[in-house]
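Let me begin by presenting the structure, written as structure tokens, before commenting on it.
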Amino acid sequence: MQQLQVVAEVMDENGPQPQQQNGRNPERTGFRGSSVWKALAIGALAGFGGILFGYDTGYINGVMAMGYFENMYFAKPPPWLNLDREQRPFWMDDKLAPAWFHLPGRDKSLIVGLLSAGTCVGSLLGSDAADYLGRRVALLLGCLVFIWGIVDQTTSVHMDLLGRGRFETGLGMGTISTVIILYLAEISPASIRGFMVAFYQFCITMGLLIASCVNMGTHGMWNMGSYRIPVSLQLVWALALIFWLLFLPESPRWHVKMGNLSKAKVALAQLRCLHENDESVRMELNDMVLTCQHELTVTQPGRYWQSWLSCFRGPWRESGSNVRRTMLGIAMQMFQQITGVNFIFYFGTAFFQQQGFDNVFVILVAMSAVNVASTIASFYVVNKLRRRSLLMAGAAVMALCQFTVATVGLIWRGQGSPPSRGGFHVGHAPTRNLAPIPAWHFWTTMAGVGIYLFCYATTWGPGAWILTGEIFPLKIRARGVGLSTATNWLSNSVVSFVTPVLIDANQWNLGPAVFLIWGSACLLASLFTYIFVPETKGLTLEQVDLMFELSARGSSRWVPPEDVARLFSSYSRRHSRTK
């Protein structure tokens with residue numbers, strides 16, 4: 001702390017700071033000339049970790065519908081399997097998938113939920129690793145644990161090892177998902193921070209699309225390659241991320257927090273593609289140092305558990321309090337997961353199949369392609385439109401699409417008596433409708449799901465991650481992002497466990513009515529955004545700290561002061577004199 005104070009005072013006495021232009025895009029936090037492409041490349045390489053998350057979500061959806069996988073792990077081996085190859089019936093050579101067997105809903109929940117449970121734990125551990133070891137080292141450790149889990153999954157031939165591998169993969173993925181958002185938020189200039197974090201969401205959607213294509217190519221194989229090929233391909237993404245991380249700089253804000261100001265200056269210059277003595281580098285580092293000094297002045301460091309408890313300190317009525325920011329991050333990540341997207345990508349294959357649609361693997365590839373194309377559009381949207389308006393409008397349109405799909409599905413379901421029409425039987429063979437599927441039912445459902453995915457991919461998909469990386473002060477940023485990301489995975493896990501119960505014809509039997517639940521969650525998300533979510537577009541992370549003193553509804557009109565660093569410095573000195 002002493003080192004920070006001394007350097008901050010020296011930097012603050014270097015003369016008057018150039019004033020920023022009006023609005024929310026200060027010149028000193030950006031970069032100049034052709035260096036923009038190098039800076040974007042650095043962020044793109046870091047955001048590549050999102051492909052691990054997306055690919056796992058996509059591949060397990062298809063693998064659980066593969067006959068060989070189902071029988072390999074859960075079906076009782078047929079009697080002929082114990083015979084020598086010459087004695088087996090010729091039509092049963094190596095085909096271990098009798099048509100009557102389908103994976104029970106409880107086992108689907110277990111397979112999907114084990115990874116989500118692991119990611120929830122990994123998110124919390126990842127925040128610790130990011131604080132004590134650094135952002136890059138934490139990412140490397142997460143990749144190694146992830147690889148460990150993939151190896152166990154690939155070599156497994158029984159449920160015990162598969163479940164352990166899923167949990168280990170979740171530990172690594174949770175660490176990666178937490179630290180990447182933290183890292184991208186801290187290294188990105190304010191002018192393109194939305195784009196950089198949106199690229200992480202784009203990588204998630206690309207992973208979903210690649211997984212859907214791989215599943216479509218291997219689901220007809222009647223050997224271990226049908227599921228081992230999709231599983232083992234994840235090693236490629238993890239090894240590529242490890243290779244790229246070796247060339248990326250550490251977060252300068254982490255160096256500032258640890259008191260390594262010379263390293264922070266070098267890292268910041270490398271990220272901004274400028275010389276270490278450039279005025280822009282000096283001024284941005286000045287903001288970081290004095291902000292960190294301010295936080296150390298008003299909040300005394302404590303023990304390990306106190307660092308976690310500090311996330312929940314402060315009066316709830318105060319918009320800038322730690323507890324208010326923590327609950328905001330938790331709620332944003334929860335709403336991102338309970339608005340229906342996981343239902344489509346985890347259980348979409350089975351749902352479309354039970355609705356009587358043909359070529360369900362092709363449908364899932366098409367939905368994944370829509371998701372990818374929409375996320376590309378989000379690169380422009382999140383940098384041009386205000387965060388609050390985007391999230392409110394996106395949630396409202398998503399709710400309309402969900403209600404439309406539910407209404408159409410219930411109308412078609414009502415034309416026959418379940419389960420002969422519209423019955424969703426998790427754990428039983430698919431039941432086809434007695435009558436051909438009408439065109440209006442198919443195309444309305446596809447349009448509703450497609451428009452929903454477009455709105456999600458351009459609003460809440462990247463928006464929740466962007467806000468999570470922006471709203472926390474430096475002292476609790478790793479802890480706050482960890483808690484928020486853990487909530488993301490916890491909500492993911494709850495959806496994975498609860499959904500089969502909601503849609504199983506032998507239990508709640510909601511069928512298409514489950515979309516009414518997701519649509520209602522979207523409406524709540526829109527209302528929550530209006531009341532609690534501030535406008536952070538175009539602000540540096542240090543300016544966001546100041547803006548939080550206002551209410552969320554008044555934040556859109558807030559203009560940052562001319563000199564954030566000097567304001568923090570004077571505040572800290574006044575506070576220290578009154579202690």
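Residue 324: net charge of surrounding residues, Cβ under 10 Å, Lys/Arg +1, Asp/Glu -1, itself excluded?
+1
My understanding is that a pair violates if its Cα-Cα distance is over 28 Å; which of 475/537; 265/384; 263/475; 257/537 do that in this structure?
The pairs that break the limit, which is 28 Å between Cα atoms, are 265/384.
Taking the mean number of other Cβ atoms within 10 Å as a proxy for protection, how do you rank 265-276, 281-292 from highest to lowest?
Top of the packing list down: 281-292, 265-276.
Just the number, please: Stokes-Einstein D of segment 194-291 in µm²/s, Kirkwood Rh from C-alpha pairs, 25 °C, 0.890 mPa s.
So the translational diffusion coefficient is about 146 µm²/s.
Values quoted throughout were computed directly from the atomic coordinates according to the rules given, and no laboratory measurement underlies them. Worth saying up front: this structure is predicted, and the values here are computed from it rather than measured. As a convention, Cβ positions derive from the backbone with ideal geometry for all residues, glycine included, and neighbour counts pool all protein chains shown.
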